[in-house]
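Take a look at the structure set out below.
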Amino acid sequence: MVASSGSGQREGWSSRSAFILAAVGSAVGLGNMWRFPAEAGENGGGAFVLFYIFCVLLIGLPVLLSEVLIGRHGQASAPESVRRVARDSNASGGWSIFGSMGVFAAFLILSFYCVVGGWVVYYIGVFAADLFQTGLTGGAFEGREASDIENLLPGLFGNGSLMVGLNLGFLAVTVFFVARGISSGIEWVAVYLMPMFFVLFLGITIYGAFSGNFGEAVAYLFTFDASKLTGEVMLAAVGQAFFSLSLGVAGMMTYGAYASRETNLGETSGVIAGADTAVALLAGLAIFPIVFAAGLSASAGPGLMFQSLPIAFQAMPFGSLIGLAFFIMVFFAALTSSVSLLEAPTAFVKDAGKLPRPVATLIVGVGAAILGVLSALSFNEMADFRPLAFIPIFAEANFFDALDGVTAKLFMPIGAILTCIFVGWVADARLIDDENGLDGALHQIWRGLVRYVCPILLTVILLAGIFPEYAETVFSLLSSEPAAELGEAAG
C-alpha cells in the first residue's frame with residue numbers, strides 16, 4: 001500500500017499561476033536568450049529548431065514532470081523528497097544520491113551563472129550611458145567603429161576587478177530575494193518580473209519584425225533542410241532541449257515541493273515546457289531579424305548576443321533604447337533562473353541543518369561567491385589555470401569552463417538518467433499515478449518515454465560529452481535516414 005508523506009507546515013506557492021510563473025522563470029534564462037539563438041545560428045537554423053522541438057517532447061517534458069512530481073510528493077529539499085518517495089515505495093533511501101547530485105550541480109552552476117549575469121548588467125550600463133549621450137531616435141554607438149563595439153566584451157574580460165564586482169553584485173541581488181522566502185522573495189520575482197519580461201520580449205520582437213529582416217529570420221528558423229540535419233546538429237538539439245528546461249539540477253524538484261495538492265502536475269508541466277520552448281523560438285525571432293538587417297552572420301556562436309547584436313543596434317532606429325530594453329529583459333530572465341539555482345541548495349542546507357532561511361541562503365551565497373570570483377578571474381588573471389587538466393575532455397578548460405563542463409556533461413545527464421530510472425522502474429506505480437495528473441493514453445506514453453526513450457537519449461548525451469571524438473561518427477550513422485524521413489514529412 002502506498003503511504004503518504006507527512007511533512008508538517010511548509011512554505012508554498014500562493015496559487016497555481018504563481019507556481020507556473022516561478023517554474024517558467026526557472027527554465028527561461030540565459031539558456032533561452034543566449035544559448036538557443038547561438039546554437040540555432042551555428043547549427044543550420046530550421047533543421048536544428050525542428051529537432052529541438054522534437055526532443056523537448058521526447059526528453060524535456062517527461063523528465064520535467066518526473067522531477068516535479070518527486071518534489072510535490074516529498075514536500076522537502078530534493079534529496080529528502082527522493083528519500084520520501086523511496087520510503088513510500090519500499091525502496092532504498094540511497095536513491096537520494098541523484099537529488100544530492102542535482103543540488104550540488106545547481107550550486108556549481110550558480111557560481112558561474114552569476115558571472116554571465118554580470119555581463120548582462122555591464123551591457124545595461126553601456127546602453128544606458130549611450131542612450132544618455134545620443135538620445136532616443138538614433139542608432140546606438142553613433143560614430144564608433146564596429147570593431148570598437150565588438151571589443152566591449154573582451155575589454156570587460158580584461159578588467160578582473162570589474163568582472164568580480166559585477167558577479168558579486170548579481171549574486172547579491174539573487175541572495176536578497178531567496179533570503180526573503182517563497183511568498184515575499186521568489187514568488188515576488190516571478191509574479192512581477194516575468195510579466196515585465198514578456199512585455200519587453202513581445203515589444204522587442206515586434207520591433208524586430210518591423211525594423212529588421214523578419215522574413216529572412218522566419219525562413220532561417222523554420223525552413224527545414226534535411227541535408228543540414230547532421231549528427232552534430234542532432235546532438236546539439238538534444239542537449240539544448242535538455243538544458244533549456246533546467247533539468248538535472250534539483251530546481252524543479254524544489255519548486256515542486258511548494259506546489260499544492262490541487263495542482264495538476266501533468267497540465268502544469270506542459271504549460272512550463274511550452275512556455276520555455278516558445279521563449280526560445282521568440283528569442284530567435286527577436287535577435288535574428290536585427291542581426292540580418294545589419295548584414296551580420298547568424299553563426300557568431302556565443303558572441304551573437306554580446307557582440308553581433310550590439311553592432312546591429314548601431315544601424316537600427318532607437319538603437320540605444322531598444323538595446324537597453326533588450327538587456328534589461330535578459331536581466332529579468334537571468335535573475336529568475338539564478339533564484340531557482342540558489343533555492344535548491346538553500347532548501348537543502350535549511351532542511352539538513354534546521355537553519356533559518358536567511359542563514360542558509362547566506363551560507364550558500366558565500367560559497368557561490370568564492371567559486372564565482374575564481375570563475376570571473378578565469379578570463380584574465382587566472383586565464384592559464386586548468387583545474388581539471390588531468391581529465392582529457394577538460395584539459396584545456398579554465399576554471400569557468402571546467403565548472404560548466406562538469407555540470408553540463410556529467411552531473412546533469414547522470415542526474416536525469418537516475419531520475420528516469422527511479423520514477424520509471426523503482427518508485428511505486430500507484431504513487432506515481434496519483435501524482436502525475438495524467439490519464440489514459442497520455443499516461444502510457446509518458447511512462448514509456450520515462451522508462452525507455454529518455455534514459456537511452458540521455459545516455460547518448462552523457463557518452464557524447466565524455467567521448468566527443470566518437471559522437472559525430474555515431475550520430476552521422478543515425479542521421480542520414482531520419483533526415484530523409486523528416487524531410488519527406490516536412491515536405
**Request:** Any chance you could count how many residues in the range 103-124 are open to solvent by 40 Å² or more (accessible area, probe 1.4 Å) and either closer than 14 Å to Met163 by Cα or in contact with a strand residue (DSSP E or B) (Cβ under 8 Å, 6 or more places away or on another chain) (or both)?
**Result:** 2
**Prompt:** If you check every pair at least six apart or on different chains, which have Cβ atoms under 6 Å apart with a residue in the range 138-159 that is farther than 18 Å from Val291 by Cβ first and a residue that is open to solvent by 40 Å² or more (accessible area, probe 1.4 Å) second?
**Reply:** Glu142/Thr134; Leu156/Tyr122; Phe157/Phe379
**Prompt:** Is one or more of the residues making up the range 313-324 crowded, with 19+ Cβ neighbours inside 10 Å and under 30 Å from Gly365 (Cα atoms)?
**Reply:** yes
**Item:** Boolean, Gly284 is at negative phi, within 16 Å of the chain's Cα centre (by Cα), free of Cβ contacts under 8 Å to residues at least 24 places away in the same chain and assigned to a helix (DSSP H, G or I)
**Value:** no
**Prompt:** If only one of Val121, Val115 is under 25 Å from the mean Cα position of the chain (by Cα) and under 21 Å from Phe313 (Cα atoms), which one is it?
**Reply:** Val121
**Item:** Breaking point among (1) more than 22 Å from the chain's Cα centre (by Cα); (2) more than 28 Å from Asn43 (Cα to Cα); (3) in a helix (DSSP H, G or I), for Ala347
**Value:** (1)
**Message:** Just checking, does the range 38-52 include any residue being modelled with pLDDT of 90 or more, closer than 25 Å to Trp188 by Cβ and under 17 Å from the mean Cα position of the chain (by Cα)?
**Reply:** no
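Considering only the range 88-95, I want to know if a residue exists there that is buried (at least 24 other Cβ atoms within 10 Å of the Cβ) and either touching a residue at least 24 places away in the same chain (Cβ under 8 Å) or in contact with a strand residue (DSSP E or B) (Cβ under 8 Å, 6 or more places away or on another chain) (or both).
As a first pass, look at the range 88-95 and keep what is buried (at least 24 other Cβ atoms within 10 Å of the Cβ): none.
No: the range 88-95 contains no residue that is buried (at least 24 other Cβ atoms within 10 Å of the Cβ) and either touching a residue at least 24 places away in the same chain (Cβ under 8 Å) or in contact with a strand residue (DSSP E or B) (Cβ under 8 Å, 6 or more places away or on another chain) (or both).
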**Message:** Looking only at the range 137-157, count every residue that is exposed (fewer than 13 other Cβ atoms within 10 Å of the Cβ), of a type outside the set (Val, Ile, Thr) and not in a helix (DSSP H, G or I) and tell me the total.
**Reply:** 2
**Message:** Restricting to the range 22-44, give me the number of residues that are in contact with a Leu (Cβ under 9 Å, 6 or more places away or on another chain) and farther than 21 Å from Phe222 by Cβ.
**Reply:** 5
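Residues that are open to solvent by less than 10 Å² (accessible area, probe 1.4 Å) and of a type in the set (Phe, Trp, Tyr): which helices (runs of 4 or more DSSP H) entirely in the range 183-260 hold 1 or more of them?
Numbers: elements: 194-211, 214-222, 231-244, 251-256.
So the answer is 194-211, 231-244, 251-256.
Can you tell which of Phe318, Phe348, Phe331, Phe292 is aromatic (Phe, Trp, Tyr), modelled with pLDDT of 95 or more and over 24 Å from Glu11 (Cα atoms)? It would help to see each step written out before you state the result.
Values: Phe318 fails: modelled with pLDDT of 95 or more; Phe348 fails: over 24 Å from Glu11 (Cα atoms); Phe292 fails: modelled with pLDDT of 95 or more.
Exactly one of Phe318, Phe348, Phe331, Phe292 is aromatic (Phe, Trp, Tyr), modelled with pLDDT of 95 or more and over 24 Å from Glu11 (Cα atoms), namely Phe331.
The values are calculated or read from the model by the stated rules, or taken from the named source; none is laboratory data. What you see is a predicted model, and the numbers here were worked out from it, not measured in a lab. In this analysis, Cβ positions are derived from the backbone assuming ideal geometry, glycine residues included, and neighbour counts consider all displayed protein chains. The protein model used for the area step is the full one, side chains on, heavy atoms only, and it has no ligands, DNA or RNA in it. Shrake-Rupley method; radii C 1.70, N 1.55, O 1.52, S 1.80 Å.
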